[in-house]
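These notes concern the structure reproduced below.
The values are calculated or read from the model by the stated rules, or taken from the named source; none is laboratory data. Since the structure is predicted, the reported quantities are computational estimates derived from the model, not experimental observations. Cβ: placed from backbone, ideal geometry, glycine included. Neighbour counts: every protein chain shown. Remember, those area values only see protein heavy atoms, side chains included, never the ligands or the DNA or RNA. Shrake-Rupley method; radii C 1.70, N 1.55, O 1.52, S 1.80 Å.
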Amino acid sequence: MANPRTLVKSPTLSWGFYGHRLQLYRRTVPHNDFQVLLRWAENMPRGAAVFTSNVDGQFQKAGFRDDVVAECHGSIHMLQCSEVCTDAIWSSDTFEPVIDEADCRLLNTLPTCPHSRVFRLRLR
Ligand SMILES: [Zn+2]
């Protein structure tokens with residue numbers, strides 16, 4: 001599921017999988033241990049930074065600033081163009097997936113690259 005081929009071959013299945021996870025992570029409340037880590041970080045003389053393989057954004061939700069969190073596997077809360085028309089990434093906040101959980105399918109419109117749209121408009 002987690003590869004570019006699935007996204008190309010079956011985008012509604014791929015987005016059914018990731019859209020469901022996106023919804024779950026948006027609803028997740030960070031457990032108390034994140035607050036313990038945040039207090040430790042705040043009490044460090046030079047602050048602290050986070051390096052995580054988590055993609056769920058829970059450190060930021062718990063209060064860590066974006067600029068001190070390095071997400072080595074990326075973030076499910078950010079989107080990028082599958083056609084690689086740009087290296088830019090952007091927030092998924094405006095994308096509200098509607099998922100058929102039994103079939104793991106996205107039912108609403110796939111998210112689109114805002115940069116591709118701008119490029120197409122410029123060609124007209
Ligand atoms: Zn694009």
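Quick check: anything in region 69-81 more than 12 Å from the chain's Cα centre (by Cα) and closer than 21 Å to TRP15 by Cα?
Restricting attention to region 69-81, the residues satisfying the condition of being more than 12 Å from the chain's Cα centre (by Cα) are 69-70, 72, 81.
Retained after the next criterion (residues that are closer than 21 Å to TRP15 by Cα): 81.
Yes, the conditions are met somewhere in region 69-81.
Test each condition in (1) in contact with a Pro (Cβ under 9 Å, 6 or more places away or on another chain); (2) more than 16 Å from the ligand (Cβ to nearest atom); (3) within 19 Å of TRP15 (Cα to Cα) for ALA62 and report the one that comes out false.
Looking at each condition in turn, ALA62 falls short on (3).
Can you tell me how many residues in region 60-98 are outside any loop (DSSP other than H, G, I, E, B), open to solvent by less than 70 Å² (accessible area, probe 1.4 Å) and hydrophobic (A, V, I, L, M, F, W, C)?
Count: 6.
Being of a type outside the set (S, T, N, Q), open to solvent by less than 100 Å² (accessible area, probe 1.4 Å), within 12 Å of the chain's Cα centre (by Cα) and at pLDDT 95 or above, is that true of even one residue in region 29-46?
No, region 29-46 contains no residue that is of a type outside the set (S, T, N, Q), open to solvent by less than 100 Å² (accessible area, probe 1.4 Å), within 12 Å of the chain's Cα centre (by Cα) and at pLDDT 95 or above.
In region 43-59, how many are part of a loop (DSSP other than H, G, I, E, B) and either out of contact with any Phe, Trp or Tyr (no Cβ under 6 Å at 6 or more places or on another chain) or without any contact (Cβ under 8 Å) to a residue 24 or more places away in the chain (or both)?
Here the count works out to 11.
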